[in-house]
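To start, the structure itself, in structure tokens.
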Amino acid sequence: MSQRTKRVWLAALGVVLLAFPYIDRNNAHVDFMTNAGAFILLALGLNIVVGFAGLLDLGYAAFFAIGSYSYAMLASGQFNIHIPFWVMLFVASAIAAIFGILLGAPTLRLRGDYLAIVTLGFGEIVPQTFLNLSQYTNGPNGIISLDQPSFFGHAFGFSSATPYYYVLLALIALGVVVARNLRDSRLGRQWMAIREDELAARHMGIDTTVAKLSAFALGASFSGLAGVAYAAKLSLVSPDQFQFNVSVLVLSMLVLGGMGSIAGAIVGSFVLSFVNSFLLPQSTTLAHSIGLTGVDFTNYRYMIYGGILVGMMLFRPEGLIPSRQRRAELREALVDPVVSAQEQMEFEGGAR
Amino acid sequence: MDVFLQQIVNGLSLGGIYALIALGYTMVYGIIELINFAHGDVYTFGTFTSLAVLTGLGVSGEVHGPWLIGVVALTIVASMLTCGALGVLIELLAYRRLRKAPRLAPLITAIGVSFILENVMQLWRGPSPIPFPQVIPNPSASLGGVEISAKQVVVVALAVVMMVALQLFIYNTKIGKAMRATAQDRDAAQLMGINVNTTIMVTFLVGSALAGAAGFVSGVYYGTTWFFNGFEAGLKAFTAAVLGGIGNIFGAMLGGFSIGLIEAIATQYIPQGAQWSNVVVFSVLVLVLIFRPSGLLGESLPEKV
């Protein structure tokens, strides 16, 4: 596809997305698109940490939690603080970014797999802390009736997801522009150098501390935004929304689409959201309507996430829409099994 | 003081279970440098298998006399064999192809396998906690104000016996020697005529079988189980393995008992300790990895380039 046709297609897609709530007037569909949007934003953020910088963050939901709880505490009757939604977008992404630095700093010296486990530990500690500090967070009940955003005096209301749809569309557009520019910036190239070989990157004069912390901060800020939008839309937060499975879900989206690829992050999260909240419930209803009342496909959710992680890493580690560089890195080390079996045979034959 | 000693006893018995699970993590990490994320779920699978065997035998409560030994032995062996086979299968399907891939690739498949296993167990026995029959009669003795129950003695004794057996296996058999050689340098081991694939397979077999034993023990100890058990227990056992020095068998035992003690004491002495004990254990994990990644007994190794 030439650059020109690509632009035409993108413009057409943009128009369709802008008009979507007016084309498809089914509120459930708009609602689905909005929720998918929140996950796209999360995947774009995680892509900066995992895809660009190669830091496997298994506790990404923690920042989503921090974003959501920031909104819940600073824009509700909880402490009688009512900061407007639009201001909170900035505030919460800043708070999430600060926590990204705080939780990222201890991991700087760690190797890839240990870093993954430490982030997983933080991912467990953060929601558990929100759960335990019940005098501030109402513990397991969560915080309810959060402030409703309004746009020039028009309250968003609960009747339709359309206002939130546009908020997320705008945030995703912003996120894509930011992610693209970061990727092509000096910092982005530093991340990729670190991802490929940290030692070599350091010897080339890259300040790996600054580069890694920026990745954590920027990645976290995306989920801060997603957290605010998601919390405002639901008008509640509770600690069980941010469990480990959310971190793994976002990771599966990224692995499906292609780590390091912006288009991949978007497509991966859209496809998996579609499967999750549309395909599985719909096919269950369908199965029930033809008499198979015992089946419930939504029970197979985790098997699907797990299957994606295993299947993609084994057969297509670069994802559905790969970034070219990442593909080369991930493929380079994979030895052709046929060749290695042959080598093995020759080796054994020679030893005899 | 009595309360403190009581928590020591409780902590040691908790620690026995963590230690048994930690051995599997440490063996696998020692040999292929993979955090086998699915290991915790293999352990839960052990509890589920034991439950199925006990149901099959028609056991639903305490068993007495000579039958007790037979039932316990049969259940443990069945659980160990099933889990061992499961571990080997996982290695074959999910990890083997990625042995030379970037490190994070097999870690990601391990998380995937963990989710698949959890889902399978959820479909098998449903999402709610399941009661586990109290097979072993549980009289308790009072020693100077400290209650020690038969179950606690069984847990610790079984853990110690398994570990001694493992130690003997690794240091006194040919395949144990092959495992140590492969852990040290896989290529050199291969050049010396060791079948690396078989050796890695045996490592998974033994490690997962120990998790199977732990699965039975934890069923008896807690009297309940559910499909998601392995996540938390696995993470704690991994913490134990890291604390002891990953790759070090004795370290895994030491780490397991330490984590059990830390958890029991945190539960007792921190206000609302039961709520915070997980946070305490995970904080230990984070602190150890940051300040002493080689653990208590591990030697510090430079990163392989």
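Among the numbered criteria (1) surrounded by 22 or more Cβ atoms within 10 Å (Cβ to Cβ); (2) aliphatic (A, V, I, L, M); (3) closer than 22 Å to residue B:256 by Cα, which one does residue B:200 miss?
Going through the list (1) surrounded by 22 or more Cβ atoms within 10 Å (Cβ to Cβ); (2) aliphatic (A, V, I, L, M); (3) closer than 22 Å to residue B:256 by Cα, residue B:200 breaks only (3).
Only one of these is within 11 Å of chain B (Cβ to nearest Cβ) and either modelled with pLDDT under 90 or more than 20 Å from the chain's Cα centre (by Cα) (or both): A:330, A:309. Name it.
Numbers: A:309 fails: either modelled with pLDDT under 90 or more than 20 Å from the chain's Cα centre (by Cα) (or both).
Just a single option satisfies the conditions, and that option is A:330.
Residue A:112 is checked against (1) at pLDDT below 90; (2) over 30 Å from residue A:324 (Cβ atoms); (3) over 18 Å from the mean Cα position of the chain (by Cα) and fails just one. What number does that condition carry?
Answer for residue A:112: the failing condition is (2).
Can you tell me which condition residue B:60 does not meet? The list is (1) outside any helix (DSSP H, G or I); (2) of a type in the set (Gly, Ala, Ser); (3) surrounded by 23 or more Cβ atoms within 10 Å (Cβ to Cβ), and all the others hold.
Against the list (1) outside any helix (DSSP H, G or I); (2) of a type in the set (Gly, Ala, Ser); (3) surrounded by 23 or more Cβ atoms within 10 Å (Cβ to Cβ), residue B:60 comes up short only on (3).
Just to be sure I understand, how many residues within region A:86-103 are touching a Ser or Thr at 6+ places or on another chain (Cβ under 8 Å) and surrounded by fewer than 21 Cβ atoms within 10 Å (Cβ to Cβ)?
Qualifying residue count for the region: 2.
Go through (1) surrounded by fewer than 15 Cβ atoms within 10 Å (Cβ to Cβ); (2) outside any helix (DSSP H, G or I); (3) more than 14 Å from chain B (Cβ to nearest Cβ) for residue A:109 and report which single condition fails.
(3)
If I filter region A:138-165 down to residues being touching a residue at least 60 places away in the same chain (Cβ under 8 Å) and in a helix (DSSP H, G or I), which single residue comes out as farthest from residue A:127 (Cα to Cα)?
A:162
Check region B:255-271 and report whether any residue there is closer than 22 Å to residue A:244 by Cβ, acidic (Asp, Glu) and within 12 Å of another protein chain (Cβ to nearest Cβ).
No, region B:255-271 contains no residue that is closer than 22 Å to residue A:244 by Cβ, acidic (Asp, Glu) and within 12 Å of another protein chain (Cβ to nearest Cβ).
Only residues that are of a type in the set (S, T, N, Q) and either surrounded by fewer than 24 Cβ atoms within 10 Å (Cβ to Cβ) or assigned to a loop (DSSP other than H, G, I, E, B) (or both): list them for region A:65-77, please.
Within region A:65-77, just A:76 meets the criteria.
Starting from region B:178-198, take each residue that is under 14 Å from residue B:99 (Cα atoms) and in contact (Cβ under 8 Å) with a residue 24 or more places away in the chain and list its partners that are assigned to a helix (DSSP H, G or I) and of a type in the set (S, T, N, Q), counting only C-beta distances under 6 angstrom and pairs at least six apart or across chains.
B:182/B:199
Need the failing condition index for residue A:115 against (1) within 14 Å of chain B (Cβ to nearest Cβ); (2) under 22 Å from residue A:239 (Cα atoms), just the number.
Residue A:115 satisfies every listed condition except (2).
Go over the candidates B:297, B:287, B:243, B:235 one by one and state the one that is within 14 Å of another protein chain (Cβ to nearest Cβ), over 30 Å from residue B:133 (Cα atoms), in contact with a helix residue (DSSP H, G or I) (Cβ under 8 Å, 6 or more places away or on another chain) and of a type in the set (A, V, I, L, M).
Step by step, each of B:297, B:287, B:243, B:235 is checked, and only B:243 is within 14 Å of another protein chain (Cβ to nearest Cβ), over 30 Å from residue B:133 (Cα atoms), in contact with a helix residue (DSSP H, G or I) (Cβ under 8 Å, 6 or more places away or on another chain) and of a type in the set (A, V, I, L, M).
I'd like the full set of residues that are in contact (Cβ under 8 Å) with a residue 12 or more places away in the chain, facing chain A (nearest Cβ under 7 Å) and not in a helix (DSSP H, G or I), limited to region B:89-104.
Hit for region B:89-104 is B:103, nothing else.
Looking for whichever is closer than 20 Å to residue A:60 by Cβ and surrounded by fewer than 24 Cβ atoms within 10 Å (Cβ to Cβ) here; the options are A:304, A:290, A:321. Which one fits?
Within the list A:304, A:290, A:321, the selection yields A:304.
Just to be sure, is residue A:146 more than 10 Å from chain B (Cβ to nearest Cβ), within 18 Å of the chain's Cα centre (by Cα) and buried (at least 17 other Cβ atoms within 10 Å of the Cβ)?
no
Check whether at least one residue in region B:159-182 is crowded, with 17+ Cβ neighbours inside 10 Å and closer than 23 Å to residue B:51 by Cα, and report yes or no.
Looking through region B:159-182, at least one residue is crowded, with 17+ Cβ neighbours inside 10 Å and closer than 23 Å to residue B:51 by Cα.
Since residue A:260 meets every condition but one in (1) under 17 Å from the mean Cα position of the chain (by Cα); (2) in a helix (DSSP H, G or I), which condition does it not meet?
The one condition residue A:260 does not meet is (2).
Going by what's in this entry, would residue B:261 be described as surrounded by fewer than 21 Cβ atoms within 10 Å (Cβ to Cβ), of a type in the set (A, V, I, L, M) and modelled with pLDDT of 85 or more?
Yes.
Looking at A:238, A:277, which is the one that is over 22 Å from residue A:176 (Cβ atoms), in contact with a strand residue (DSSP E or B) (Cβ under 9 Å, 6 or more places away or on another chain) and either at pLDDT 90 or above or surrounded by fewer than 24 Cβ atoms within 10 Å (Cβ to Cβ) (or both)?
A:238
When the residues of region B:36-53 are filtered to those that are surrounded by 24 or more Cβ atoms within 10 Å (Cβ to Cβ) and of a type in the set (A, V, I, L, M), which remaining residue is nearest to residue B:185 (Cα to Cα)?
Among residues in region B:36-53 that are surrounded by 24 or more Cβ atoms within 10 Å (Cβ to Cβ) and of a type in the set (A, V, I, L, M), the one nearest to residue B:185 (Cα to Cα) is B:38.
Residues checked against (1) within 21 Å of residue A:182 (Cβ to Cβ); (2) of a type in the set (Lys, Arg); (3) assigned to a helix (DSSP H, G or I); (4) touching a helix residue (DSSP H, G or I) at 6+ places or on another chain (Cβ under 8 Å):
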position	(1), (2), (3), (4)
A:11	no, no, yes, no
A:28	no, no, yes, no
A:44	yes, no, yes, yes
A:63	yes, no, yes, yes
A:79	no, no, no, yes
A:91	no, no, yes, yes
A:95	yes, no, yes, yes
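The values are calculated or read from the model by the stated rules, or taken from the named source; none is laboratory data. Computed from a predicted structure; not experimentally measured. Neighbour counts are summed over all protein chains in view; Cβ atoms, including those assigned to glycine, are modelled from backbone coordinates with ideal geometry.
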